[in-house]
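**Q** Quick one: this structure, given as structure tokens, is what I'll be asking you about.
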Amino acid sequence: MNVTHSEQTVAQLTKKLRQQRILSLILAIALVFVGGAYTLLWNQTQNDANPAQGDTAQVADGGEQAATEPDLSAEPYMVLGKADAPVTIYEWTDYTCPYCGLYHRDTLPTIVKEYIDSGKVRLEVHDVTFIGEQAEDAAVAARAAGLQDRYFDYLFKVYGLSADGAKPNLDEKQLTDLAAELDLDLDAFAKDFASEGLRQEVQASTQQAQQMGISGVPFFVVATSGTLTDSQQLNGAQEIDTFRQVIDQQLESAGR
């Protein structure tokens, strides 16, 4: 069938208008979502490095600095480093995420040695439950270990289970076995694991991350301590050199 030039023009215009309507709808939905959350609560500074492996770690496209920043205070046992460290790394992690395990095994130990132990950086961990049904139980178990001052020991135990790259099985028996390996008080661990309060803390942490637009892990914000202004974001299990570059830039901004 022959198509005239006029018919081709009409078809092209119709296609263009349809695309514009779809784009407008997408933008409207995005604006409603972002406005209903925090509007992103600090200036976005995207990492220019090649994306590392991660479970769709993203933050919603943000707007201007909000009047108030989110309260990212972590539980004391979920913090490494000195309170007066000039730079803070805020980390969001899911205990069932293999890429989070990769970061904790391959990268975090170097950050601890080079920056945290020297007093330059403070790490604050925030748990989320984005992946699978076992994520919440694992997060509660880690907090229960934290109440016995073994949070990070437990965290490294959990992530050691995904060394083969597979998502670990973190059922209640496995979580209790990890506590036993650390010689925790198992009666206290069981009581705290069953605590509705700890579970609500995990759920609240996940909800806050979602409200901020964080949709995947591992995700990091590297900031000059005391403010999120001019902070930098890292998505996925970035290599240590990428962390060094961002941390050093923030240290320079802090005059260190």
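**Q** I need the full set of residues from segment 116-152 which are acidic (Asp, Glu) and either open to solvent by 10 Å² or more (accessible area, probe 1.4 Å) or modelled with pLDDT under 95 (or both), in order please.
**A** 117, 124, 133, 136, 137, 149
**Q** Working only within segment 193-209, note down all residues that are farther than 14 Å from residue 146 by Cα, open to solvent by 50 Å² or more (accessible area, probe 1.4 Å) and in contact (Cβ under 8 Å) with a residue 40 or more places away in the chain.
**A** If the condition is that a residue be farther than 14 Å from residue 146 by Cα, open to solvent by 50 Å² or more (accessible area, probe 1.4 Å) and in contact (Cβ under 8 Å) with a residue 40 or more places away in the chain, then 203 is the only one that fits.
**Q** Still on this model: Go through segment 206-218 residue by residue and tally those that are within 23 Å of residue 107 (Cα to Cα) and touching a helix residue (DSSP H, G or I) at 6+ places or on another chain (Cβ under 8 Å).
**A** Of the residues in segment 206-218, 2 are within 23 Å of residue 107 (Cα to Cα) and touching a helix residue (DSSP H, G or I) at 6+ places or on another chain (Cβ under 8 Å).
**Q** So, one more: List the number of the failed condition for residue 169; all other conditions in (1) at pLDDT 95 or above; (2) open to solvent by 50 Å² or more (accessible area, probe 1.4 Å) hold.
**A** All conditions pass for residue 169, except number (1).
**Q** Name every residue in segment 119-163 that is assigned to a strand (DSSP E or B), more than 15 Å from residue 104 (Cβ to Cβ) and touching a Phe, Trp or Tyr at 6+ places or on another chain (Cβ under 8 Å), in order of residue number.
**A** Of everything in segment 119-163, just one residue is assigned to a strand (DSSP E or B), more than 15 Å from residue 104 (Cβ to Cβ) and touching a Phe, Trp or Tyr at 6+ places or on another chain (Cβ under 8 Å), namely 121.
**Q** Let me ask you something else. Which condition number in (1) modelled with pLDDT of 95 or more; (2) touching a strand residue (DSSP E or B) at 6+ places or on another chain (Cβ under 9 Å); (3) open to solvent by 70 Å² or more (accessible area, probe 1.4 Å) is the one that residue 253 fails?
**A** Here residue 253 meets the rest and fails (1).
**Q** While we're on this one: Given the criterion modelled with pLDDT under 95, open to solvent by 30 Å² or more (accessible area, probe 1.4 Å) and more than 17 Å from residue 127 (Cβ to Cβ), identify the matching residue among 230, 177.
**A** Answer to the check: 230.
**Q** How many residues, within segment 228-245, are touching a Phe, Trp or Tyr at 6+ places or on another chain (Cβ under 6 Å) and aromatic (Phe, Trp, Tyr)?
**A** Looking only at that region, the number is 0.
**Q** State which residue is nearest to residue 138 (Cα to Cα) when the search covers only segment 74-115 and only residues that are polar (S, T, N, Q) and open to solvent by less than 30 Å² (accessible area, probe 1.4 Å).
**A** Per the stated criteria, the residue is 96.
**Q** Cβ-Cβ under 9 Å, sequence separation 6+ or interchain: first residue in segment 176-191 and among the acidic types (Asp, Glu), partner open to solvent by less than 20 Å² (accessible area, probe 1.4 Å) and assigned to a loop (DSSP other than H, G, I, E, B). Which pairs?
**A** Here the result reads none, with nothing in segment 176-191 linked to a residue that is open to solvent by less than 20 Å² (accessible area, probe 1.4 Å) and assigned to a loop (DSSP other than H, G, I, E, B).
The values are calculated or read from the model by the stated rules, or taken from the named source; none is laboratory data. Please read these numbers as outputs of a predicted model, since none were measured by experiment. Please note: Cβ atoms are built from the backbone with ideal geometry, for glycine as well, and neighbour counts cover all protein chains shown. We work out accessible area using only protein heavy atoms, side chains counted, and drop any ligands, DNA or RNA first. Shrake-Rupley method; radii C 1.70, N 1.55, O 1.52, S 1.80 Å.
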